[in-house]
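Below is one structure; the comments refer to it alone.
The values are calculated or read from the model by the stated rules, or taken from the named source; none is laboratory data. Bear in mind the structure is a predicted one, so any value in this text is a computation, not a measurement. Note that we place each Cβ from the backbone using ideal geometry, even for glycine, and neighbour counts take in every protein chain shown. In case anyone asks, the SASA skips ligands and DNA or RNA and just uses the protein heavy atoms, side chains included. Shrake-Rupley method; radii C 1.70, N 1.55, O 1.52, S 1.80 Å.
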Number of protein chains: 2
Amino acid sequence: VTCYRLTLAYDGTSFEGWQSQARVRPVRTVQGVLEAALGRLVEGERVAVVAAGRTDAGVHALGQVVSFELPRDLTPDLLARALNGLLPADVRVVGGARAPLGWSARRSAVSKLYRYVMDTGAVQMPTRRLFAAHVPGPLTEEPMQAAAALYLGRHDFASVASAGGSVKTSVRVVSRSELRIAPTASEEGGPAVVYEVEADGFLRKMVRSLVGGLIAAGRGVVAVEGLREALDARDRRGWPAPAPARGLTLVRVDYPPAEEPPE
Amino acid sequence: VTCYRLTLAYDGTSFEGWQSQARVRPVRTVQGVLEAALGRLVEGERVAVVAAGRTDAGVHALGQVVSFELPRDLTPDLLARALNGLLPADVRVVGGARAPLGWSARRSAVSKLYRYVMDTGAVQMPTRRLFAAHVPGPLTEEPMQAAAALYLGRHDFASVASAGGSVKTSVRVVSRSELRIAPTASEEGGPAVVYEVEADGFLRKMVRSLVGGLIAAGRGVVAVEGLREALDARDRRGWPAPAPARGLTLVRVDYPPAEEPPE
């Protein structure tokens with residue numbers, strides 16, 4: 001038995017997320033297509049795959065990390081090529097390595113970086129409609145920057161977590177929370193706001209709720225002081241609605257240096 | 001009767017191009033969905049739309065310009081909003097103005113800017129597979145830059161035009177031909193090469209053929225001197241194959257300053 005760690009990129013548009021919730025009919029999930037492809041490599045044996053971040057329906061990834069064990073030993077490069085020959089074009093293996101037996105992409109992760117893109121033009125650009133949420137202006141930058149700064153550091157994020165998670169604590173440490181106003185030239189696809197957030201972990205729908213707070217602040221629907229109170233209240237009923245999934249991408253997952261595979 | 005000029009953006013993925021060639025069964029074209037939406041605004045009357053650039057199947061646009069006449073007079077803003085309410089999400093009206101009667105978006109155009117994106121990573125990134133062609137390396141930059149420089153200026157471009165065009169001359173003036181190597185960080189989606197070309201006009205499949213020449217030069221399949229000879233020969237059989245449509249976007253169309261609508 002060999003343990004593998006793979007890096008995946010996917011276009012989440014046509015997936016019902018990383019894993020299926022309990023449902024009556026089967027749905028298309030990233031975990032499902034990956035496990036099906038792995039099953040074909042090991043003569044139909046069931047391979048259970050664990051992902052660092054369980055992305056929701058419509059959420060994309062550039063650097064999702066997964067782990068699993070195979071009864072066969074293949075070089076990581078051969079495994080990646082074989083999988084890319086079996087996977088649909090909206091999921092690709094972009095990197096791979098062997099890992100110690102029992103290694104878990106989820107348990108070992110020390111931080112994750114997410115990016116959220118808002119198309120802030122009056123009209124939603126068709127060429128990015130699957131990778132950016134349409135958030136027409138006017139948005140005021142200063143309160144958005146203040147809200148982004150509010151998220152930094154250690155907080156109990158219960159206010160921005162959806163029900164249904166199975167975590168023991170909702171305290172997380174946000175190490176990066178940056179808002180960038182992108183070019184407005186129509187040649188570049190029109191105006192956009194890009195938000196990047198990195199933390200030691202994220203609760204269910206946490207990034208989309210944080211972005212919902214940024215948008216509410218930018219539109220003047222809520223003052224930054226109101227967001228602070230809503231965060232401190234640890235009650236999700238007082239928090240603005242989460243932003244749409246399509247704008248969100250899991251960019252990168254980091255592990256302890258000792259666990260990084262050699263280049 | 002009022003003449004209008006609209007700027008359109010579209011995701012060309014699900015269109016058989018701007019206009020249908022003569023075919024047995026009807027196909028989905030940008031012209032078709034736009035004319036259908038306009039027809040609904042004028043009680044089913046047929047509205048004929050002319051586009052500055054007749055983009056091929058799979059080619060995208062950020063700034064396509066079209067012209068047509070309507071029996072009704074609407075403000076350009078109201079017309080744009082009404083159309084965006086009737087059009088599918090993969091086409092949007094992003095600007096509009098009234099134009100002098102008889103004005104033609106095609107005849108009046110003085111230059112067009114196209115952008116071509118190549119995903120040069122070993123594995124095609126799923127998140128940009130509809131807007132970039134997969135051109136795995138190694139590509140050598142220097143001969144690609146030399147080929148891009150070769151295209152500049154006035155040439156008879158017969159070697160890079162597909163058959164079937166109806167133009168009188170294949171001489172065009174390329175005023176800009178720029179190649180840019182984009183970030184290689186996986187966080188940005190991996191390595192890419194972006195090519196921008198501007199000219200007073202383009203022949204059928206001309207941009208994709210020019211890009212085919214860049215790729216052949218970058219791979220060392222043909223020397224830049226060989227491309228020069230193939231261009232001078234004015235015979236398309238000696239030119240490398242055109243690059244795929246999905247990497248191509250019509251960015252902008254320019255008109256004489258006197259014809260530009262006031263801001």
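Label-point spacing for residue B:181 across the identical copies (point 7 Å from Cα in the Cβ direction), in nm and ascending order: 3.3. Once C-alpha pairs closer than 8 Å and six or more residues apart are averaged by separation and normalised to the residue number of the stretch B:13-56, the relative contact order reads 39 percent. In the protein assembly as shown, a dipole from Cβ-located charges (positive for Lys and Arg, negative for Asp and Glu) runs towards its positive end, and of A:116, B:95, B:41 it is B:41 whose Cα lies farthest in that direction.
Out of every Cα-Cα pair in chain B, what percent are more than 24 Å apart?
Summing the P(r) of chain B above 24 Å gives 51 percent of all pairs.
In chain A, the beta carbon lying closest to the axis that superposes A onto B belongs to the residue given here with its whole-angstrom distance, A:130, 4.
For the stretch A:107-229, taking Cα atoms only, Rg and Dmax work out to 15.0, 47 Å respectively.
Solvent-accessible area assigned to carbon and sulfur over the stretch B:1-114 amounts to 50 percent, based on a 1.4 Å probe.
Here the spin labels are modelled as points 7 Å beyond Cα on the Cα-Cβ line, and at residue A:25 and residue A:69 they lie 3.6 nm apart.
Spatial offset of the stretch A:77-94 relative to the stretch B:74-119 amounts to 40 Å, using the alpha carbon center of each. Distance between the 7 Å Cα→Cβ label points at residue B:86 and residue A:163: 4.4 nm. Subtracting the Cα-Cα distance of residue A:3 and residue A:258 from 0.36 nm times their residue separation leaves 90.1 nm of extension gain. A Förster distance of 51 Å, applied to the separation of the beta-carbon atoms of residue A:40 and residue B:98, puts the FRET efficiency at 0.30. Let me know the shape class of the stretch A:126-172, please: from the alpha-carbon gyration tensor, a ≥ b ≥ c as square roots of the eigenvalues, rounded when a/c is under 1.5, otherwise prolate if a/b is greater than b/c, or oblate. Oblate, since a/c reaches 1.5 and b/c is not below a/b.
Per the accessible-area calculation with a 1.4 Å probe, the total area buried between chain B and chain A rounds to 2100 Å². The accessible surface of the stretch B:119-225, taken with every protein chain in place and a 1.4 Å probe, is 53 percent carbon and sulfur. Here the calculated FRET efficiency for residue B:14 and residue B:188, from their Cβ-Cβ distance with R0 = 25 Å, stands at 0.40, rounded to the nearest 0.05.
Show A:14, A:104 ordered by accessible area, largest first, where the area counts protein heavy atoms only and the probe is 1.4 Å. Walk me through the intermediate numbers first.
Numbers: A:14 70, A:104 15 Å².
From most exposed to least exposed: A:14, A:104.
Ranked from shortest, the separations from the 7 Å Cα-to-Cβ label point of residue B:154 to its equivalents in the other copies are 7.3 nm.
Have a look at the DSSP beta bridges in the protein assembly as shown and tell me what percent are antiparallel, nearest 5. Of those bridges, close to 90 percent are antiparallel. Oblate is the label for the stretch A:93-159, because a/c, from the alpha-carbon gyration tensor with a ≥ b ≥ c as root eigenvalues, is 1.5 or above and a/b does not exceed b/c. Across the identical copies, the label point of residue A:167 (7 Å from Cα in the Cβ direction) is separated from its matches by 5.7 nm, in order from shortest.
The largest-to-smallest principal axis extents of the Cα set in the protein assembly as shown are 72, 54, 42 Å. The trypsin sites (Lys or Arg not before Pro) of the stretch B:137-184 that meet both conditions, a loop assignment by DSSP and at most 10 other Cβ atoms within 10 Å of the site Cβ, are B:168.
Of all lysines in the structure, the ones whose alpha carbon falls short of 21 Å from that of residue A:205, not counting any fewer than 8 places away in one chain, are A:112, A:168.
What dipole magnitude, in Debye to the nearest 20, does the stretch A:143-245 give about its Cα centre under +1 on Lys/Arg Cβ and -1 on Asp/Glu Cβ?
On the way: 13 positive and 11 negative charges, 91 e Å.
For this selection, approximately 440 debye.
The label-point distance for residue A:140 and residue B:171, in a model that sets each label 7 Å from Cα toward Cβ, rounds to 6.0 nm.
Per residue, how much accessible area does the stretch B:85-234 have with a 1.4 Å probe, in Å²?
Numbers: 6440 Å² over 150 residues.
For the stretch B:85-234, the solvent-accessible area averages 43 Å² per residue.
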